[in-house]
Amino acid sequence: MSKGLLIVVSGPSGAGKGTVCSALLAKQADIQLSISATTREPRKIEKPGVNYHYFTKEEFRSQIDQDGFLEYAEVYGNYYGTPKKFVLDALKAGNDVLLEIDIQGALKVKEAYPDGVFIFILPPTLEELQKRITSRGTETEESLKKRLGAAVEEIEQAFKYEYCIVNDQVDEAVEELEAILKAERCLIKRNHEKIHNFREEEFYVEA
Ligand code: 5GP
């Protein structure tokens, strides 16, 4: 069993999962973020290798053929995939890895790695969700409609996760996320080795 935690965070577009994840990483620098590959165009503020690895459709297909993804999915007409080697190497080395991926991808990961920690980020209300997506100014009217329509269906999928966090105030959402991770790290199933070690220890009692 790998020692690092596989942390999977999803939620509808505009729930603020990116903000919550960035704030978590700023507080816990030892958690490694998995940088996904995508065929979508970079947004103005994005940087290759920081936000995503930007692939052509051919490059993406070639990675699929080489079994290079832990999971991949089509989201809003573009492909997104989690680099397999990066994630498995990091977990094997005992590092915690954070995946911020869509629901289809998260459920595929859950099937293969049920030991992961699956967290769903909810917006406080649907109205607030719409406000957040609009204020980002990155979507066309059509893609905004697509994302809002998808959000309602996506929220139903939260039942398949283990935890949900309502992202009203980012600080509070991050605190809840940290509390979840703290508890997960204390689970007996993740600490068998520590417990077994006591069997081997010798003790002396002074007479
Ligand atoms: P955006 O285009 O807004 O950056 O991301 C769109 C959606 O794709 C988000 O829900 C995001 O979490 C998801 N996403 C990003 N990377 C991956 C990935 O590697 N795999 C999957 N399945 N979804 C991803």
Revision key, fill the gap. Stokes-Einstein D for the chain (10 °C, 1.306 mPa s, Kirkwood Rh from Cα pairs), in µm²/s, comes to 86 µm²/s
Check your understanding: Hey, rough spin-label estimate for CYS164 and ILE35, points 7 angstrom out along Cα→Cβ, what's it come to in nanometres?
Key -> 3.4 nm
Practice item. Quote the accessible area belonging to VAL152 in square angstrom, nearest 10, computed with a 1.4 Å probe and with ligands, DNA and RNA left uncounted. Key: 80 Å²
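Which entries in the list LYS92/LYS194; LYS110/LYS131; LYS3/LYS182 go over 20 Å, if you measure between the two C-alpha atoms of each?
Table pairs above 20 Å Cα-Cα are LYS110/LYS131.
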Study note, to complete from the structure: Karplus-derived 3J(HN,Hα) from phi for the stretch 201-207 (6.51 cos²θ - 1.76 cosθ + 1.60, θ = phi - 60°), whole Hz, x at Gly and Pro, runs 6, 9, 9, 10, 10, 6, 7
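Write out the GluC sites (Glu not before Pro) in the stretch 26-99 meeting two conditions: DSSP loop, and at most 15 other Cβ atoms within 10 Å of their Cβ. Before the final figure, lay out each step's value.
Numbers: sites: GLU46, GLU58, GLU59, GLU71, GLU74; in loops: GLU46.
Passing both the DSSP loop test and the Cβ count: GLU46.
Going by accessible area, probe 1.4 Å, with all protein chains left in place, what is the ranking of PHE120, PHE86, largest first? Spell out each step's value before the answer.
On the way: PHE120 0, PHE86 80 Å².
The ordering from most to least exposed comes out as PHE86, PHE120.
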Check your understanding: Where the centroid of each part is defined by its Cα atoms, how far is the stretch 33-112 from the stretch 165-207 in Å?
Key -> 29 Å
Check your understanding: To the nearest 500 deg cm²/dmol, what mean residue ellipticity at 222 nm is calculated for the chain from DSSP H runs of n ≥ 4 alone, each contributing -39,500 (n - 2.57), summed and divided by the residues?
Key -> -13500 deg cm²/dmol
Practice item. Convert each backbone phi in the stretch 159-168 into a coupling constant with the Karplus relation 6.51 cos²θ - 1.76 cosθ + 1.60 (shift: θ = phi - 60°), then list the ³J(HN,Hα) values in order as whole Hz, x for Gly and Pro. Key: 4, 8, 9, 9, 10, 10, 10, 8, 8, 8
Practice item. For CYS164, enumerate residues with amide H under 5 Å from its amide H, sequence gap 5+ or separate chain, H modeled in the peptide plane. Key: PHE120
**Study point:** Amide proton proximity set for TYR52, modelled H, under 5 Å, gap of 5+
**Key:** LYS47
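The values are calculated or read from the model by the stated rules, or taken from the named source; none is laboratory data. This structure is a prediction, so every number in the text was calculated from the model and none was measured. Ideal geometry is used to build each Cβ from the backbone, glycine not excepted, and the neighbour counts take in all protein chains shown. For accessibility, only protein heavy atoms count, side chains too; no ligands or nucleic acids. Shrake-Rupley method; radii C 1.70, N 1.55, O 1.52, S 1.80 Å.
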